[in-house]
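Q: Can you keep this structure in mind? I'll have questions shortly.
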Amino acid sequence: AHFGPDAEPARTAYGAPAQLDKNTLVNVLLGIGADMTMHEPARYAAKQMTAHGAPAWLYRFTYTAESTRPKAIGQTHAGELPFMFDQLAAKYDGQVSAKDQQTAEAFNSYVTNFVKNGDPNGTALPEWPAFSADQYDLMDFTLNDGPVFGKDPRAERVDLVEHAADRRQ
């Protein structure tokens, strides 16, 4: 009902069959909640910043420490903070892999560059272009492939959340 005329596209985008079992319902609601409270507002803020002439860079941190897998294959809210602040050993009881450390070093480098220079890009890092409202690309700190810039895999869902919010205004 929240998505109004976009109910069917939303059902498809969130993988919600007409009859939901309890686990599917919980996962769909978690996805909608994350999109409504984090992903769409982040895109909205980036759109507003760029509309006023300021650059913005969006990211998603989906990487999880190897010691937490396969149980955790997606990151929780603020789960990137141990990677940002070099606190992996404390967070993961010393079970830090080389890939965990690589991800932390890349993420920390981007953040440090942004703080120092107002731009996350730097030497030996994959390029991270500024946000463009026409494309909705972002840097994804992926589960297996390191930082990858490209179209947000949740873009369709976030578009639907944005359309629903626009209809309510």
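Q: Quick one: helix 40-51 against the long Cα principal axis of the chain, what's the angle to the nearest 10°, folded into 0 to 90?
A: 70
Q: Probe radius 1.4 Å, ligands and nucleic acids ignored: give me the carbon and sulfur share of the accessible area of the stretch 63-169 as a rounded percent.
A: 50
Q: While we're here: Roughly how many whole Å is it from the C-alpha centroid of the stretch 1-68 to that of the stretch 90-113?
A: 25
Q: Next up: For a Förster distance of 22 Å, can you work out the FRET efficiency between the beta-carbons of Arg168 and Ala7, rounded to the nearest 0.05?
A: 0.90
Q: If packing is taken as the average number of other Cβ atoms within 10 Å across a peptide's residues, how do 32-40, 102-110 rank, most packed first?
A: The packing order, highest mean first, is 102-110, 32-40.
Q: Just Arg157, Arg11, Arg60 to compare: in a GNM of the chain, with alpha carbon springs under 10 Å, which one fluctuates most?
A: Largest GNM mean-square fluctuation: Arg11.
Q: Where does each of Asp152, Asp145 land when they are ordered by accessible area, with a 1.4 Å probe and the largest first? Mind dumping the intermediate values first?
A: On the way: Asp152 5, Asp145 120 Å².
These residues rank, largest area first, as Asp145, Asp152.
Q: Right, here's the next one. Can you sort Tyr44, Tyr59 by solvent-accessible area, 1.4 Å probe, largest first?
A: The residues order as Tyr44, Tyr59, largest area first.
Q: Then there is this: Can you compute 3J(HN,Hα) from phi for each residue in the stretch 58-68, using the Karplus curve 6.51 cos²θ - 1.76 cosθ + 1.60 with θ = phi - 60°, rounded to whole Hz and x for Gly and Pro?
A: 9, 9, 10, 10, 9, 5, 10, 4, 4, 5, 9
Q: Compute the Cα gyration tensor for the stretch 24-76, then decide on rounded, prolate or oblate, letting a ≥ b ≥ c be the square roots of its eigenvalues: rounded whenever a/c is under 1.5, prolate when a/b is larger than b/c in the other cases, and oblate in all that remain.
A: Oblate, since a/c reaches 1.5 and b/c is not below a/b.
Q: Please state the relative contact order of the chain as a whole percent: Cα pairs under 8 Å, 6+ residues apart?
A: Once normalised by length, the contact order is 27 percent.
Q: Given axes a ≥ b ≥ c from the Cα gyration tensor, I'd like to know whether the chain is rounded (a/c under 1.5), prolate (a/b larger than b/c) or oblate. Before the final figure, lay out the partial values.
A: On the way: a/c = 2.55, a/b = 1.28, b/c = 1.98.
Note, shape of the chain comes out oblate.
Q: Same structure, new question: Of Asp21, Asp119, Asp137, which is the most mobile in a GNM of the chain whose springs link Cα atoms less than 10 angstrom apart?
A: Checking each option, the largest mean-square fluctuation is seen for Asp21.
Q: While we're here: Excluding residues fewer than 8 places away in the same chain, name every one of the lysines whose C-alpha is closer than 22 Å to that of Lys91.
A: Reachable lysines: Lys71, Lys99.
Q: For the stretch 84-150, what does the accessible surface come to per residue with a 1.4 Å probe? Please give it in Å².
A: I get 58 Å² per residue for the stretch 84-150.
The values are calculated or read from the model by the stated rules, or taken from the named source; none is laboratory data. In this text, all values refer to a predicted model and were calculated from it rather than measured experimentally. A quick note on method: Cβ atoms are made from the backbone with ideal geometry, for glycine too, and the neighbour counts reach across all protein chains shown. Ligands, DNA and RNA are excluded from the accessible area calculation, which covers all protein heavy atoms including side chains. Shrake-Rupley method; radii C 1.70, N 1.55, O 1.52, S 1.80 Å.
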